[in-house]
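Participant: Please find one structure pasted underneath; my questions will follow.
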Amino acid sequence: MFKDNLFTIVSEDLSDSKAGFIVHLNREHSIYSGHFPNDAITPGVCVVQIAVDLFSHLMREEYHLARAKNIKFLQIIRPEEHDTIHYQLTWEPLDDKTFGVKVVVSNDDAVFTKMSIQVSKN
């Protein structure tokens, strides 16, 4: 949904049921002009959707957010200050169409978000 639009993947590291991504946020994306002009922040829903998009990228299939079990927004992501961020994903299958995914969003200085979500095939 947002891949190659709101963000691009700079690098990825995959092993078994664990993946690390470095993503670059597009500061010029129209979402930032409305959230908020002159003080852009990455909306929480976008932080979550990027995680779902990254999981879909890994699986080479479209997944959607089925359930948000626990999401903690610890720091604001301002693209003017932090346009390159890290996503660490670990997952386990819950059934043949659903995965439980734990995500940590950070950079070298801070942890922005921690979440436990469930994603399902479309």
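Participant: State which residue is nearest to K121 (Cα to Cα) when the search covers only the range 30-59 and only residues that are within 16 Å of the chain's Cα centre (by Cα) and not in a helix (DSSP H, G or I). Even if it seems obvious, please write down each step before you answer.
Facilitator: If we filter the range 30-59 for residues that are within 16 Å of the chain's Cα centre (by Cα), which is where we start, we get 31, 41-59.
Cutting the leftovers down to not in a helix (DSSP H, G or I) gives us 41-43.
On the way: I41: 29, T42: 26, P43: 24 Å.
That would be P43.
Participant: Let me ask something additional. Take the residues in the range 1-12 that are part of a strand (DSSP E or B) and of a type in the set (A, V, I, L, M, F, W, C), then tell me which one is surrounded by the fewest Cβ atoms within 10 Å (Cβ to Cβ).
Facilitator: In this case the residue turns out to be V10.
Participant: Check whether at least one residue in the range 84-95 is within 21 Å of N122 (Cβ to Cβ) and assigned to a loop (DSSP other than H, G, I, E, B), and report yes or no.
Facilitator: Scanning the range 84-95 turns up at least one residue that is within 21 Å of N122 (Cβ to Cβ) and assigned to a loop (DSSP other than H, G, I, E, B).
Participant: If I ask for residues that are surrounded by fewer than 16 Cβ atoms within 10 Å (Cβ to Cβ) and more than 24 Å from T90 (Cβ to Cβ), which ones from the range 13-29 would you list?
Facilitator: The answer is R27, E28.
Residue by residue, here is whether (1) within 21 Å of I9 (Cβ to Cβ); (2) in contact with a Leu (Cβ under 8 Å, 6 or more places away or on another chain) holds:
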{"position": "E61", "(1), (2)": "yes, no"}
{"position": "H64", "(1), (2)": "yes, no"}
{"position": "I76", "(1), (2)": "no, no"}
{"position": "E81", "(1), (2)": "yes, no"}
{"position": "Q88", "(1), (2)": "yes, no"}
{"position": "W91", "(1), (2)": "yes, no"}
{"position": "F99", "(1), (2)": "yes, no"}
{"position": "V103", "(1), (2)": "yes, yes"}
{"position": "F112", "(1), (2)": "yes, yes"}
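Participant: Can you tell which of F112, F73 is hydrophobic (A, V, I, L, M, F, W, C) and in contact with a Gly (Cβ under 9 Å, 6 or more places away or on another chain)?
Facilitator: Exactly one of F112, F73 is hydrophobic (A, V, I, L, M, F, W, C) and in contact with a Gly (Cβ under 9 Å, 6 or more places away or on another chain), namely F73.
Participant: If the requirement is being within 19 Å of M1 (Cα to Cα), surrounded by fewer than 18 Cβ atoms within 10 Å (Cβ to Cβ) and either touching an Asp or Glu at 6+ places or on another chain (Cβ under 6 Å) or touching a residue at least 12 places away in the same chain (Cβ under 8 Å) (or both), which of these qualifies: E92, E80, E62?
Facilitator: The match here is E62.
Participant: If you don't mind, another one. Restricting to the range 98-122, name every residue that is modelled with pLDDT under 95 and either closer than 16 Å to E61 by Cβ or among the β-branched types (V, I, T) (or both).
Facilitator: Across the range 98-122, the qualifying residues are K121, N122.
Participant: Identify all residues within the range 13-25 that are touching a Ser or Thr at 6+ places or on another chain (Cβ under 7 Å) and in a loop (DSSP other than H, G, I, E, B); write none if there are none.
Facilitator: Selection gives S17 alone.
Participant: For D53, indicate whether it is farther than 27 Å from W91 by Cβ, acidic (D, E) and either touching a strand residue (DSSP E or B) at 6+ places or on another chain (Cβ under 6 Å) or modelled with pLDDT under 95 (or both).
Facilitator: Considered against the rule, which asks whether it is farther than 27 Å from W91 by Cβ, acidic (D, E) and either touching a strand residue (DSSP E or B) at 6+ places or on another chain (Cβ under 6 Å) or modelled with pLDDT under 95 (or both), D53 comes out as no.
Participant: So Y32 ticks every box in (1) modelled with pLDDT of 95 or more; (2) surrounded by 15 or more Cβ atoms within 10 Å (Cβ to Cβ) but one. Which box is left unticked?
Facilitator: The failed condition is (1).
Participant: For the range 29-37, check the following and say yes or no: at least one residue is out of contact with any Leu (no Cβ under 6 Å at 6 or more places or on another chain) and under 19 Å from K114 (Cα atoms). First the steps, then the outcome.
Facilitator: Of the range 29-37, the ones out of contact with any Leu (no Cβ under 6 Å at 6 or more places or on another chain) are 30-37.
Subsequent filtering for residues that are under 19 Å from K114 (Cα atoms) retains none.
No.
The values are calculated or read from the model by the stated rules, or taken from the named source; none is laboratory data. The structure presented is a predicted model; accordingly, all values stated were derived computationally and were not measured. Note that we place each Cβ from the backbone using ideal geometry, even for glycine, and neighbour counts take in every protein chain shown.
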